2 protein chains.
Amino acid sequence: MHLISERRLDDVVERRFTLGEIPGILWLPASASAAEPVPLVLAGQPGGFSLEQTHARMLARAGHAARAGLATITLELPGSGDRPRPSGVDEARAQVRASLTAGEPVGEDVIDRLVLPLVDRAVPEWQSLLDAVLDLPELTDRIACSGGVVSIAVRLAATDPRVRAAVLFAGSLVPRSILREARDVTVPVHVLLQWDDEHNDRARSLELFDALGSPEKTLNANLGGHTGVPAHAGAEATRFLVRHLGPSAAGGA
Amino acid sequence: MHLISERRLDDVVERRFTLGEIPGILWLPASASAAEPVPLVLAGQPGGFSLEQTHARMLARAGHAARAGLATITLELPGSGDRPRPSGVDEARAQVRASLTAGEPVGEDVIDRLVLPLVDRAVPEWQSLLDAVLDLPELTDRIACSGGVVSIAVRLAATDPRVRAAVLFAGSLVPRSILREARDVTVPVHVLLQWDDEHNDRARSLELFDALGSPEKTLNANLGGHTGVPAHAGAEATRFLVRHLGPSAAGGA
């Protein structure tokens with residue numbers, strides 16, 4: 001993990017870094033220190049968007065998290081920004097667009113070819129990121145996933161015991177095999193669903209919520225399209241993270 | 001509206017009253033006064049339970065509401081406690097039980113015979129209660145529904161312009177005709193759904209959420225059975241009420 005730049009923005013410190021060739025950003029509450037380390041939120045990038053394209057949105061979210069005492073980290077997805085595209089993904093994305101335009105259901109094989117190569121590459125990258133970032137003295141070992149490509153978050157939460165909770169945004173296409181992996185998620189989950197999401201299949205999102213193996217899970221569905229998550233739903237997701245990562249959570253670091 | 005008794009319990013004042021022959025209870029924050037009037041939450045009784053049977057539960061909810069600056073009022077349902085049962089309701093309830101025990105879907109005609117007589121009687125009673133209670137100097141005209149038989153709350157919210165917001169508990173059988181009436185609900189709604197509710201039809205609950213005409217609506221679904229609403233979901237429902245009734249809400253009294 002190599003530091004590229006650091007700047008202070010109000011109550012957040014933004015550190016740009018690279019992990020090998022992969023660019024990423026860490027946002028720390030300005031108050032975080034070795035004496036007062038903070039929990040970490042792994043904030044996934046939405047599929048098809050680069051770190052630069054989502055910067056304003058992610059910074060706003062990281063600011064909210066920082067004011068609640070949480071650090072946020074993100075990493076460029078395979079195939080986004082300057083990173084080489086996994087083969088077949090461009091073709092699959094074009095097929096998804098064609099199906100949505102025609103008002104037809106997206107084929108299971110197309111969903112698999114779009115999402116699974118991304119999940120197969122991204123999950124080990126996030127795990128390497130965790131190996132590296134947890135050495136920082138400003139961070140505790142209390143970690144949660146939040147947002148991004150939901151299938152990546154599901155596999156990460158299902159397989160990496162360092163992840164203690166997950167906010168899942170049911171806002172992208174989910175392969176059938178990921179629904180099966182969801183049964184292995186046992187940490188508390190908070191699922192955000194936009195009821196009229198134009199990019200999404202509501203029934204599949206409800207199926208995903210149902211499939212999650214967690215004994216504690218909440219679905220928070222709101223009227224509106226893909227990017228219309230209301231402020232109160234964002235605030236509730238942050239309260240969920242604080243409840244499970246904050247200093248008062250059971251089994252603290 | 002006739003006052004029967006008044007007692008102070010911690011930070012709540014409990015007033016028992018009758019409206020004609022119908023018993024009810026009003027819980028006021030101890031701080032409420034003509035100089036500092038508070039908004040009012042209409043807290044419906046769950047179907048099949050009397051005021052006395054639900055007293056401990058309702059008092060706990062009223063206490064939470066009072067600490068958030070809200071008064072709570074409730075009224076005995078037609079057919080509950082000492083009130084005469086609408087004809088056909090006992091029969092319909094027995095048929096519902098038989099269907100649930102047999103693991104069969106409850107017939108639409110049975111749902112209609114169980115729920116619609118209750119709705120037809122209860123809604124005018126709640127409206128008379130509103131006429132009477134709004135004269136109290138401790139209350140503003142900022143009113144919301146919360147809980148109880150969801151079909152009663154839907155019709156009340158759809159037809160009475162004094163209701164400004166509604167917390168609906170998708171926890172009882174909903175007639176098809178009420179799904180149509182739900183389109184006329186335009187105030188903000190917050191729907192609580194217990195994902196594994198043994199008394200309920202999840203698909204019908206999701207259909208109800210979808211049918212509500214409100215431009216601002218949230219579904220908050222949690223794992224667990226009928227009576228297992230987690231504390232964080234109750235707290236979020238109270239925040240919803242405060243957001244829409246509290247002194248900082250737009251268009252204040």
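Restricting attention to the range A:194-204, the residues that are part of a helix (DSSP H, G or I) and more than 10 Å from every other protein chain (Cβ to nearest Cβ) add up to 1. Within the range B:144-188, being touching a strand residue (DSSP E or B) at 6+ places or on another chain (Cβ under 8 Å), closer than 12 Å to B:Ser205 by Cβ and in a loop (DSSP other than H, G, I, E, B) holds for B:Ala170, B:Gly171. Going by what's in this entry, would B:Val191 be described as within 12 Å of chain A (Cβ to nearest Cβ), under 29 Å from B:Ser50 (Cβ atoms) and buried (at least 17 other Cβ atoms within 10 Å of the Cβ)? So B:Val191 fits the description; yes.
Take the conditions over 15 Å from B:Arg61 (Cβ atoms), at pLDDT below 95, crowded, with 20+ Cβ neighbours inside 10 Å and of a type in the set (A, V, I, L, M) and apply them to B:Leu206. Does it pass? It is true that B:Leu206 is over 15 Å from B:Arg61 (Cβ atoms), at pLDDT below 95, crowded, with 20+ Cβ neighbours inside 10 Å and of a type in the set (A, V, I, L, M).
Given the options A:Glu138, A:Glu207, name the one that is in contact (Cβ under 8 Å) with a residue 24 or more places away in the chain and within 14 Å of another protein chain (Cβ to nearest Cβ).
Of the residues listed, the single one that is in contact (Cβ under 8 Å) with a residue 24 or more places away in the chain and within 14 Å of another protein chain (Cβ to nearest Cβ) is A:Glu207.
Here A:Asp210 clears all of (1) more than 16 Å from the chain's Cα centre (by Cα); (2) outside any loop (DSSP other than H, G, I, E, B); (3) under 18 Å from A:Gly47 (Cβ atoms) except the condition numbered (3). Among the residues of the range A:62-69, are any without any contact (Cβ under 8 Å) to a residue 40 or more places away in the chain and surrounded by 17 or more Cβ atoms within 10 Å (Cβ to Cβ)? Checked against the condition, which is being without any contact (Cβ under 8 Å) to a residue 40 or more places away in the chain and surrounded by 17 or more Cβ atoms within 10 Å (Cβ to Cβ), the range A:62-69 yields no hits at all.
Consider the range A:73-111 and keep the residues that are over 22 Å from A:Cys145 (Cα atoms) and among the acidic types (Asp, Glu). The one that is surrounded by the fewest Cβ atoms within 10 Å (Cβ to Cβ) is A:Glu104.
Condition first: small (Gly, Ala, Ser) and in contact with an Asp or Glu (Cβ under 8 Å, 6 or more places away or on another chain). Now tell me which residues in the range B:6-30 satisfy that. It would help to see each step written out before you state the result.
First, the residues of the range B:6-30 that are small (Gly, Ala, Ser): B:20, B:24, B:30.
Of everything in the range B:6-30, those that are small (Gly, Ala, Ser) and in contact with an Asp or Glu (Cβ under 8 Å, 6 or more places away or on another chain) turn out to be B:Gly24, B:Ala30.
Flag: B:Val106 does not match the condition of being on the phi < 0 side of the Ramachandran plot and in contact with a strand residue (DSSP E or B) (Cβ under 6 Å, 6 or more places away or on another chain). Among the residues of the range B:211-229, those that are facing chain A (nearest Cβ under 10 Å) and either surrounded by fewer than 16 Cβ atoms within 10 Å (Cβ to Cβ) or touching a Lys or Arg at 6+ places or on another chain (Cβ under 9 Å) (or both) comprise B:Leu212, B:Pro215, B:Ala221, B:Asn222, B:Leu223. As for the range A:153-160, it holds no residue that is touching a His at 6+ places or on another chain (Cβ under 7 Å), more than 15 Å from B:Leu219 (Cβ to Cβ) and either within 12 Å of chain B (Cβ to nearest Cβ) or at pLDDT 90 or above (or both).
The values are calculated or read from the model by the stated rules, or taken from the named source; none is laboratory data. Source: prediction; values computed, not measured. Positions of Cβ are generated from backbone atoms using ideal geometry, with glycine treated the same way; all protein chains shown enter the neighbour counts.
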